[in-house]
Structures are given as structure tokens and as C-alpha cells.
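A short write-up of the structure that comes next.
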Amino acid sequence: MARPIHWQKSSFSGGGDGDSCVELATVSGDLLLRESDDPARILPVTRDGLAALLQRIQANRR
């Protein structure tokens with residue numbers, strides 16, 4: 001039996017139970033991303049890929 005995935009919400013989501021946030025989970029060392037408004041669509045990512053995505057997001061905020 002598969003264990004349930006423990007999703008963590010982005011700190012920018014406001015901490016509520018709303019449906020407009022990004023969630024991250026780690027399963028057996030693999031990283032997974034999803035949007036809470038479409039939880040069935042899960043994107044597997046590498047640590048390097050996630051780091052690159054976050055760097056680009058930060059660069060575009062300046």
C-alpha cells in the first residue's frame with residue numbers, strides 16, 4: 001500500500017487552505033510540485049531544476 005504524500009504549501013500562499021498556491025513534496029528523495037487548484041497534475045522535478053526555476057523567478061522580480 002502506498003503511503004500518502006505529505007504536501008507543503010509555499011510560504012507565499014498565506015498559510016490558509018485556499019486553492020491558489022504551489023505545493024512541494026519529497027517522496028523517496030524525489031521532488032514533486034503541484035498547484036493546489038489542480039492537485040491531480042503533479043510535476044516531478046530535480047533539485048537542480050527547482051533551484052534554477054527559483055533563481056529565474058527571483059531574477060525576474062528585480
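The values are calculated or read from the model by the stated rules, or taken from the named source; none is laboratory data. For clarity, every value in this text was computed on a predicted model and none was experimentally measured. Don't worry about glycine lacking a Cβ; one is built from the backbone with ideal geometry, like all the others, and counts go over all protein chains shown.
Quick look at the values:
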quantity	calculated
Selected residue (criterion: modelled with the lowest pLDDT) from residues of the stretch 1-18 that are within 17 Å of Leu43 (Cα to Cα) and assigned to a loop (DSSP other than H, G, I, E, B)	Ser10
Cβ pairs under 8 Å, 6+ apart, first in the stretch 27-49 and farther than 14 Å from Pro4 by Cα and acidic (Asp, Glu), second modelled with pLDDT of 90 or more and not in a loop (DSSP other than H, G, I, E, B)	Asp30/Pro44; Glu35/Glu23
